[in-house]
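Each value in this text was obtained by applying a stated rule to the coordinates, not by laboratory testing. Keep in mind that what you see is a predicted model, and the values were worked out from it rather than measured. Backbone-built Cβ (ideal geometry, glycine too); neighbour counts: all protein chains shown.
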Amino acid sequence: MAKSEAAFARAQAVMPGGVSSPVRSFRGVGGTPVFIAEGNGCMLRDVDGNSYVDYVGSYGPLIAGHQNERVVAALSKAIGRGWTFGMPTEYETQLASLIISALPAVEMVRFVNSGTEAAMSAIRLARAATGRDLVVKCIGCYHGHVDGLLVEAGSGALTLGTPSSPGVPKAVAGATVLAPYNDLEGARAVFEKYPGQIACFAIEPVAGNMGCVPPAAGYLEGLRALCDQHGALLLFDEVMTGFRVAWGGAQVRYNIRPDITCLGKVIGGGLPCAAYGGPKKLMELISPSGSVYQAGTLSGNPLAMAGGMATLEIMKEPGAYDILERRSAMLAEGLIDAARKAGVPIALNRVGSMLTPFFTHADGDTVTNFKQAVGGNTAAFNRFFHAMLDHGVHLPPSQYEAWFVSLAHTEKHIEQTISAAESAFAAAK
Ligand code: PMP
């Protein structure tokens, strides 16, 4: 770790916390973040020469693994033609068409550069379309660091104990209404309290930023009906789940039609790329078709489009999601067994290739709400995390993040992970 430690010291002198995004700092789990020299397949090599099986996957985009050869070929081809023009390219139309072909609720998309931008722009669109100001978000869900959505947020904001942030004006936070996740009665109460004022109900259809928490049976259907009843838009933030939990995303897996969809992560294959989309009628309100302003110098960047296109083409092949499902199920079952052997109570939540072992006893074997998600033994998680790292497995450094399995994780890598977990659960006790 000597080189990582030295690298971290140098980084801390010039960047807040030594990182470009908070959760990377290991603040939650303690210790020094591992500085990465290279990623290949599902493996990482750090600057000290240690190797790790990677379950961070850059927090979701790398569903085809690091340096997938088809993605490398697509990027190499694109880079040889120049990498930004500020003018239209056919790459954008191609990726937009592929995305639209997978999502029945999406007829048009606008590309942006990050999930944060997608959520911010989607909310502007929802407000413009409805003429209403209030936005509902669920406690523990994360939609990027948009001022109005950084209220009771998950992910790094949760890990670091700052669910709301200084610098967010009261007036802006005041336009956000909170609802409990997976609680239809809670959602109904919010609509009843603010009749005719709610522009949209924004939700991660599978929560990923309090750890992975699937929607309860009937919950998403219930939200759809409530939005229709109250003239509000249903906004699915599928930045994490889009093309991750199914071809298309959670809306395909659960067969629900949102009004606006946010995408990111997988659709760029690991390059800066995100999008928001919906029916033509709504999307044509956006500038220059309509008057809702939203723009971006690097939006629809050719490299990002090429990386996203190559990644989605890999995922579109028959059987790709079945492989992910099988390997992820094998990992989940192995973790449950390993924890049981060590006598450590865990609840294992999984949707497709997103999973989180919570160091807690919850209803039966799964965590179904935010209160349970944050009610676990984070000290045990932190010990587990470090023991896994010592055994060559790099997990997301927080109890409140999902692990991501990629197509590059073979059965051998999963077995190696389960064997590491057997020791790590014992160390976590
Ligand atoms: N929405 C969700 C559901 C996310 O998981 C994230 C990032 N983890 C974002 C939005 C923000 O995306 P970005 O970090 O690209 O701004």
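A few remarks follow.
- Calculated over segment 69-316, the projected area of the Cα convex hull averaged across directions stands at 13.0 nm².
- Most simply put, segment 69-316 has about 30% antiparallel DSSP beta bridges, counting only bridges with both residues inside it.
- Summing charges over neighbours of E411, with a neighbour being any other residue whose Cβ is under 10 Å away from its Cβ, gives +2 when K and R count +1 and D and E count -1.
- Take each peptide in 118-128, 31-41, count the other Cβ atoms within 10 Å of every residue, and average; sorted highest first, the result is 118-128, 31-41.
- By the Cα gyration tensor, the chain has an equivalent ellipsoid whose semi-axes, rounded to whole angstrom, run 32, 26, 21 from largest to smallest.
- Only the Cβ atoms of Lys and Arg (+1) and of Asp and Glu (-1) were treated as charged; on that basis the dipole of segment 1-108 about its Cα centre amounts to roughly 240 debye.
- Compactness relative to 2.2 N^0.38 Å, alpha carbon Rg of segment 314-358: 1.35
- Of the chymotrypsin sites (Phe, Trp or Tyr not before Pro) found in segment 61-139, the ones in coil according to DSSP and having at most 16 other Cβ atoms within 10 Å of their Cβ are W83, F85.
- Debye-sum result for segment 295-429 in log10 I(q)/I(0), which assumes one identical scatterer on each alpha carbon, at q = 0.18 Å⁻¹: -0.97
- Ranked by the mean number of other Cβ atoms within 10 Å per residue, highest first, peptides 296-305, 334-343, 188-197 order as 296-305, 334-343, 188-197.
- Annotation: for a label point projected 7 angstrom from Cα along Cα→Cβ of N255, residues of segment 201-243 with backbone N closer than 16 Å are 217-222, 224-225.
- Considering only the chain, percent of DSSP beta bridges that pair antiparallel, nearest 5: 55 percent
- Shape call, segment 162-292: gyration tensor on alpha carbons, a/c limit 1.5: rounded
- Think of the chain as having a plus end and a minus end, set by charges on the Cβ of Lys, Arg, Asp and Glu; of L282, L324, S58, L282 sits farthest toward the positive end of this dipole.
- Summing Cβ point charges (Lys, Arg +1; Asp, Glu -1) relative to the Cα centre of segment 103-149 gives a dipole of roughly 100 debye.
- Taking the convex hull of Cα positions in segment 365-419, its mean projected area over all directions (nm²): 4.6 nm²
- Straight-line cross-link partners of K170 among the aspartates and glutamates, defined as a Cα under 18 Å from its Cα and at least 8 positions apart when in the same chain: D133, D147, E152.
- Equivalent-ellipsoid semi-axes of segment 99-166, from the Cα gyration tensor, Å, largest first: 25, 15, 10
- Highest mean first, the peptides 416-429, 135-148, 58-71 sorted by other C-beta atoms within 10 Å per residue fall in the order 135-148, 58-71, 416-429.
- Cβ charges +1 (Lys, Arg) and -1 (Asp, Glu), total dipole of the chain, debye: 500 debye
- Bridge type composition, segment 126-266 - antiparallel percent by DSSP, nearest 5: 5 percent
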